[in-house]
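The values are calculated or read from the model by the stated rules, or taken from the named source; none is laboratory data. Note that this is a predicted model, so its numbers are computed, not measured. Glycine also receives a Cβ, built like all others from the backbone with ideal geometry; neighbour counts cover every protein chain displayed. Note: areas computed on protein heavy atoms with side chains; ligands, DNA, RNA excluded. Shrake-Rupley method; radii C 1.70, N 1.55, O 1.52, S 1.80 Å.
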Amino acid sequence: MNTNLEYFKTFYYVARCGSISAAAQQLFISQPAVSQIIKHLENDLGSSLFFRTTKGVRLTPEGEVLFSYVAKGYDCFVQAEAVFQQMLDLESGEIRIGASDMTLQFYLLPYLEEFHRRYPKIKIKVSNAPTPETIGLLKEGGIDFGVVTAPLDPDPDFTVREVAQIQDCFVAGEEFSQLRGRDVSLKELSSYPVVMLEKRPSPRRFVDSCMEKAGISLDPEFELATSELIVQFALRCMGIGCVVRNFAQGQLEENTLFELSIQPPFPPRKMCLITPAKAPISPAGKRLLQFLEIPL
């Protein structure tokens with residue numbers, strides 16, 4: 001059957017209103033047009049759907065059966081349209097973000113807090129993972145966008161925009177006080193026990209590349225999964241910790257740790273927003289991306 005779906009829409013309104021003229025007003029078309037559509041539908045189906053009364057029209061038994069099914073389908077279409085409009089109006093929806101502990105804590109978190117305050121009905125799902133996994137999720141369509149740290153390999157599947165800078169540094173406790181307040185070469189540093197991240201995360205890869213350029217190889221005393229643990233090891237003087245400065249900022253301000261003056265110093269590293277080059281982003285995701293451009 002190739003019956004025009006608009007015929008069923010017109011049938012739905014006539015049945016609900018019980019009147020050809022009232023349905024015409026609801027549909028913003030003429031009364032003769034409504035009557036003509038009902039005739040076409042009856043011809044297509046081979047049965048009368050309405051009979052006239054003094055107060056308008058009523059469904060025939062066949063029309064009652066048809067309406068019981070058409071109403072369910074039309075109500076679903078109306079509900080779907082309403083839900084879709086809610087997504088456009090940011091009254092519902094979901095945002096999927098990929099971020100590491102560092103990018104979440106030291107960049108995204110205040111934005112997410114303010115965004116949630118303004119749009120409380122939007123669900124936010126954060127996949128907490130290091131940069132390589134976040135890039136993989138973006139390519140697979142598992143997230144709308146990610147916030148990662150350099151270094152990044154060029155890739156046509158996503159676009160990159162710098163949003164902040166971070167600084168890698170070495171911090172130590174009082175057991176290494178002989179290094180406080182003076183320049184420390186990378187060669188001298190390599191003679192001390194060092195605590196670093198595992199090899200896979202981008203911060204570790206960045207530090208390793210800087211050391212390689214200087215012709216120095218570091219053999220860490222401890223390799224840990226998180227920067228928070230590195231700070232704790234440094235506080236216990238179990239080695240000189242290599243972390244992004246933000247992670248040790250509180251301890252540096254309290255003087256429970258001090259920062260080594262490494263020569264040559266490491267260059268600052270970029271924190272980047274990565275978005276898919278071609279895949280669409282949800283309306284809520286687009287709004288959050290716009291939100292990230294506004295300084296808090």
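By per-residue mean of other Cβ atoms within 10 Å, what is the highest-first order of 177-190, 98-111, 257-270? Display every interim value, and only then the final one.
Details: 177-190: 13.5, 98-111: 19.8, 257-270: 16.5.
Highest mean packing first, the order is 98-111, 257-270, 177-190.
In region 99-148, taking the dipole from charged Cβ atoms about the Cα centre, the farthest positive-side position among PRO120, LEU109, PHE145 is held by PRO120. Here the calculated FRET efficiency for TYR111 and MET238, from their Cβ-Cβ distance with R0 = 41 Å, stands at 0.70, rounded to the nearest 0.05. For the chain, the Kirkwood hydrodynamic radius from C-alpha pairs, put into Stokes-Einstein at 4 °C and a viscosity of 1.567 mPa s, yields a diffusion coefficient of 53 µm² per second. Taking every protein chain into account, the accessible area of region 17-59 amounts to 65 square angstrom per residue (probe 1.4 Å).
From the residues LEU218, PRO276, VAL194, which one has its Cα farthest along the dipole of region 182-282 in the positive direction, the dipole being from +1 and -1 charges on Cβ of Lys/Arg and Asp/Glu about the Cα centre? Most positive-ward Cα: PRO276. You can think of it this way: the chain between ARG16 and GLU62 has 15.0 nm of extra reach, that is 0.36 nm per residue less the Cα-Cα gap. Taking amide H as placed 1.01 Å from N in the peptide plane, VAL57 has its amide H under 5 Å from the amide H of SER19, ILE20, each at least 5 places away in sequence or on another chain. Each of the peptides 67-73, 170-176, 199-205 was scored by the mean count of other Cβ atoms within 10 Å over its residues; in descending order, highest first, they stand as 170-176, 199-205, 67-73. Stretching the chain fully between ILE281 and ASP183 yields a gain of 30.5 nm (0.36 nm per residue, less the alpha carbon separation). At a probe radius of 1.4 angstrom, the accessible area of region 149-234 per residue rounds to 53 square angstrom. Using only the Cα atoms, work out Rg/Rh for region 43-145, with Rh taken as the Kirkwood radius, to two decimals. My calculation puts Rg/Rh at 1.37. Which whole-number percent of Cα pairs in region 1-70 have a distance greater than 15 Å? Percentage above 15 Å: 46. Placing dummy labels 7 Å off each Cα toward the beta-carbon, the span from ASN128 to LEU45 is 5.7 nm. Per the Debye formula with a single identical scatterer at each Cα and no solvent contribution, what log10 I(q)/I(0) holds for region 30-90 at q = 0.14, 0.17, 0.28, 0.29 Å⁻¹? Each listed q corresponds, in turn, to -0.57, -0.73, -1.15, -1.17.
Solvent-accessible area assigned to carbon and sulfur over region 44-111 amounts to 58 percent, based on a 1.4 Å probe.
Once the C-beta distance of GLU91 and GLU174 is scaled by a Förster radius of 41 Å, the resulting FRET efficiency is 0.15 to the nearest 0.05. Per-residue packing, averaged as other Cβ atoms within 10 Å, sorts the ranges 278-285, 17-24, 80-87 into the order 17-24, 278-285, 80-87, beginning with the highest.
The largest-to-smallest principal axis extents of the Cα set in region 146-296 are 55, 34, 25 Å. So what's the gap between the Cα centers of region 1-74 and region 154-210, to the nearest angstrom? For region 1-74 versus region 154-210, the Cα centre distance is 73 Å. Note on region 166-250: the C-alpha convex hull projects to 5.3 nm² when averaged across all orientations.
In the frame of its principal axes, region 227-296 has Cα extents of 49, 26, 22 Å, reported largest first.
Label-to-label distance for VAL163 and SER261 is 3.5 nm, based on points extended 7 Å past Cα in the beta-carbon direction.
In the chain, helices alone account for a calculated mean residue ellipticity at 222 nm of -13500 deg cm²/dmol, with every DSSP H run of four or more residues adding -39,500 (n - 2.57).
Given a 1.4 Å probe and every protein chain left where it sits, what share in percent of the accessible area of region 149-236 is carbon and sulfur?
Roughly 49 percent of what the probe reaches on region 149-236 is carbon or sulfur.
Screening the chain for whole DSSP H helices with an alpha carbon extent of at least 20 angstrom along the helix axis and a mean Kyte-Doolittle hydropathy of at least 1.6 yields nothing.
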